[in-house]
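Asks: Got a structure here, written out as structure tokens. Questions coming.
FYI, it's all coordinate maths here, none of it is from the lab. As the structure is a prediction and not an experimental result, all values here were calculated from the model. When we count neighbours, we look across all protein chains shown, and the Cβ atoms used for this are built from the backbone with ideal geometry, even at glycine.
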Amino acid sequence: MATRHQVRESVVGLLYAHDIGNEGNDKFIEELFEEKKIRNQQRVFALGLYEGVQANKEAIDKAVNEHLKEWELEKLGTIERAILRLGTYELLFTDMDSAVAINEAIELAKELGGDTSPKFINGVLDALKKEL
């Protein structure tokens, strides 16, 4: 069974795939969940995160853009964009503890992003948290 961190990692992968043009990926979602052994409650959690980000993408992007100092969300790397969207969704639309949501995003950035990604992700999400 997958951990919540592994579920989030898979959701980032789905957001990445969607962002680069694989929009009709329902079959891919099922295959990924099966491959990663995301089942039962973890599957519900994963779908909730993925569908939540997609349903609230406009509000999420607006919130992130307000906290990017010299950047625009669309000019960031696709992985960083996916991690920021997931982290922002968890901060704004779930009851997840903000420290947990930010820490998970930082860990994902360490694993999947570039060298400066963790610090960048932390700065943006921390600024967003302070505004809440």
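Asks: Dipole of the chain, Cα-centred, from +1 at each Lys and Arg C-beta and -1 at each Asp and Glu C-beta, to the nearest 20 debye?
Replies: Using only the charged Cβ atoms, the result is roughly 240 debye.
Asks: Work through the residues other than H5 whose Cβ is under 11 Å from its Cβ and net out their charges, Lys, Arg +1 and Asp, Glu -1.
Replies: Every neighbour counted, the sum reads -2.
Asks: Can I ask one more? If each DSSP helix of 4+ residues adds -39,500 (n - 2.57) and the sum is divided by the residues in the chain, what number results at 222 nm, nearest 500 deg cm²/dmol?
Replies: When only DSSP H runs of four or more count, the value is -24000 deg cm²/dmol.
Asks: Using θ = phi - 60° and the Karplus relation 6.51 cos²θ - 1.76 cosθ + 1.60, list the HN-Hα couplings for segment 9-14 in order, rounded to whole Hz, with x at every Gly or Pro.
Replies: Result, ordered by residue: 4, 5, 5, 4, x, 5 Hz.
Asks: Right, another one. Cα axis of helix 26-35 to longest principal axis of the chain: angle in degrees, 0 to 90, nearest 10?
Replies: Once rounded, the angle reads 80 degrees.
Asks: Still on this structure, please answer the following. Where does helix 40-55 land angle-wise versus the long Cα axis of the chain, in degrees 0 to 90, nearest 10?
Replies: Between helix and principal axis, roughly 50 degrees.
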